1. Among what's in region 230-249 and is aliphatic (A, V, I, L, M) and in a helix (DSSP H, G or I), pick the residue that is surrounded by the most Cβ atoms within 10 Å (Cβ to Cβ).
2. Within region 177-229, restricting attention to residues that are β-branched (Val, Ile, Thr) and assigned to a helix (DSSP H, G or I), which residue is surrounded by the fewest Cβ atoms within 10 Å (Cβ to Cβ)?
3. Out of region 124-166, which residues are charged (D, E, K, R) and surrounded by fewer than 17 Cβ atoms within 10 Å (Cβ to Cβ)?
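Please treat every number below as a calculation from the coordinates, not as lab data. Predicted, not measured: the structure shown is a model, and the values here were computed from it. Reconstructed Cβ throughout: ideal geometry from the backbone, glycine too, with neighbour counts over all protein chains shown.
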Amino acid sequence: MKRRIKIVDTTLRDGEQCPGVVFSPSDKVRLALFLDSIGVSEIEAGIYDVGTEGVHYISEIMKKKKQAAVSLWSKLNPENVEESARQKPDLIHIGTPVSYAQIYNKLGKNKKWIENSLQECMEVARNYNIPITVGLEDASRADVAFLVSLIRLMRQKGVETIRLADTVGVLFPRRAGELVREIKQTGIMIEVHEHNDFGMAVANSMVMALSGADMVDGTLLGIGERAGNCNLYEFVHSAARKFDLNVSSADIRKGENLLKSIMNGGKKNDSEDQI
């Protein structure tokens with residue numbers, strides 16, 4: 001029997017960070033409901049921002065979707081977590097910087113600040129009774145001993161899943177597999193999030209799945225920040241031989257056609273007839 005790997009689509013969040021890509025609220029609803037219909041396990045619907053026009057699309061997705069979990073991404077900030085929680089998603093991803101480059105150089109903070117802030121954020125989500133996934137940002141450059149200690153803290157607080165994010169896209173397959181095996185020893189569920197700066201996002205995702213990852217992130221057409229993310233079609237097309245993914249590459253292709261139509265301003269393209 002094939003092992004189940006859950007597919008997490010982040011086209012609406014990370015995909016929209018692709019230069020030149022902007023989705024209207026109705027575009028997001030349309031894409032999310034299509035992804036829900038084809039069996040994607042989780043849809044990362046975006047970043048909730050009270051100042052953004054059209055944020056009501058999140059409640060519309062929640063009301064109309066049938067099977068996929070819908071998640072929102074939040075900064076490591078209790079107020080941001082509370083804003084997301086008020087939208088009543090199925091899940092909140094809390095982005096948590098874990099490499100020393102991000103903690104000390106980018107944020108000007110320290111490891112204790114990360115631990116304390118994370119606990120505050122987890123408490124907010126717990127008060128709203130919403131499960132969380134902690135996204136370990138820049139995990140590919142982090143000290144594994146710190147990752148393990150942070151994960152143990154999270155497990156004590158009831159967190160079941162972490163996201164290993166290759167935020168700057170520097171992983172290669174050998175190290176990608178090693179990282180998953182090292183973290184897997186903590187007993188926590190692992191979601192992997194690969195960027196394609198060196199063209200390794202799909203290969204890394206495959207190796208990480210083979211090494212024990214439970215969930216794999218991807219985007220339609222591989223769109224995303226900088227060089228993009230793991231291409232969902234390419235991953236599903238190759239991984240379906242090894243894993244139960246609950247979604248087919250043929251359906252992903254239809255999603256790509258829908259996305260192309262949206263990116264073309266809603267104009268029908270030749271391949272859209274296949275949807």
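1. Restricting to residues being aliphatic (A, V, I, L, M) and in a helix (DSSP H, G or I), the top hit is 232.
2. 180
3. Listed by number, the residues that qualify are 126, 141, 143, 152, 155, 157, 160.
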